[in-house]
Amino acid sequence: MPLQNRVTPLGDLVAEPGRGLVYGNRGCLHDDRGRIRRRYAGRRWIACRLRFRGWHREPLLQPGRFTELFFLDEATAFAAGHRPCALCRREDYDRFGEIWRSLHPGEVGADAIDARLHGERVEPQTRGHRLHEADLADLPDGAFVLRAGVPLLVLGSELLRWSTAGYVERDARPARSGTTLITPPSLVGVLRAGWHPVVPLFHPSAAPDRLDPA
């Protein structure tokens, strides 16, 4: 039976057999029987390499350990509100920090980054995913928007429908339109600055020749 540790762009945890291309965690979210009991534990939400130094991560969801999470790609991890890990992705983390300081002068270090991101990704009243308003034409590749309840990836002139297995449909991106933004605004700023991580930013299914028009 699949574990409930695949992460959607809205930060929800779902049970799916595939693991995706990016790994991460946001603390211990499961009980001693491996059942998910909370949405997050703390502000340190990170996105990691699937493989690092030969570390063996199984069995997953061990009692008292952090909950191993999996994302389709980095764009999905950003949408959910995760940032690069400082250990397994040190080069990405350092580059991320440089971009962050240009966006938020004076905010230095993981604690400052995580504090701002937490405010941008979590709705205080419900503790669910916080949404933002944006102009679709101003968003960079890699941002996620919500239209008719469906998470869509912004990529070039198209909007790609997300699924746990990959991107399954594409529609033309409107020239100019107000939209509901899923990706936290500060992470949209990182994408806009030019983000080229060591982990895949986009799942291979996002390639133009891998999708059929909706």
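Any read-out appearing in this document is the output of simple, stated calculations on the displayed coordinates, not a laboratory observation. Everything quoted here is computed from the prediction, not taken from an experiment. Every residue, glycine among them, receives a Cβ derived from its backbone with ideal geometry; neighbour counts consider all protein chains shown.
Remarks
- Once backbone amide H atoms are built at 1.01 Å from N, residue 129 has 123 as its partners under 5 Å, excluding neighbours fewer than 5 places away on the same chain.
- In sequence order, the stretch 162-170 has phi-based couplings of 7, 9, 5, 8, x, 8, 10, 8, 9 Hz under the Karplus curve 6.51 cos²θ - 1.76 cosθ + 1.60, θ = phi - 60°, and Gly or Pro positions carry x.
- Label-point separation in nm, residue 192 to residue 177, each point 7 Å along Cα→Cβ: 2.1
- If the chain linking residue 62 and residue 168 were pulled fully straight, counting 0.36 nm for each residue of separation and taking away their Cα-Cα distance, it would gain 34.8 nm.
- From its DSSP helices (H runs of at least four residues, each -39,500 (n - 2.57)), the chain gives a residue-normalised ellipticity at 222 nm of -5500 deg cm²/dmol.
- Over the C-alpha trace of the stretch 1-137, radius of gyration and Dmax come out as 15.1, 47 angstrom.
- Applying the Karplus relation 6.51 cos²θ - 1.76 cosθ + 1.60 with θ = phi - 60° to the stretch 38-48 yields 3J(HN,Hα) values of 8, 7, 7, 9, x, 9, 8, 9, 10, 10, 10 Hz, where x marks Gly and Pro.
- Extending 7 Å from the Cα toward the beta-carbon at both residue 31 and residue 157 defines two label points whose distance is 5.3 nm.
- In plain terms, the chain is cut at each of the trypsin sites (Lys or Arg not before Pro) found in a DSSP loop with at most 16 other Cβ atoms within 10 Å, and the longest leftover piece is 66-126.
- Between residue 135 and residue 15, the FRET efficiency estimated from the beta carbon spacing at R0 = 41 angstrom works out to 0.70.
- Highest mean packing comes first when the peptides 103-111, 80-88 are listed by Cβ atoms within 10 Å, giving 80-88, 103-111.
- The stretch 152-214 and the stretch 126-151 have their alpha-carbon centroids 11 Å apart.
- Full extension of the segment from residue 108 to residue 38, taken as 0.36 nm per residue of separation minus the current Cα-Cα distance, would add 22.3 nm.
- Hz values of 3J(HN,Hα) by residue in the stretch 189-197 - Karplus curve (6.51, -1.76, 1.60), Gly and Pro given as x: x, 5, 4, 5, 6, x, 10, 10, x
- Remark: the residue 148-residue 91 segment gains 16.8 nm on full extension, using 0.36 nm per residue and subtracting the alpha carbon distance.
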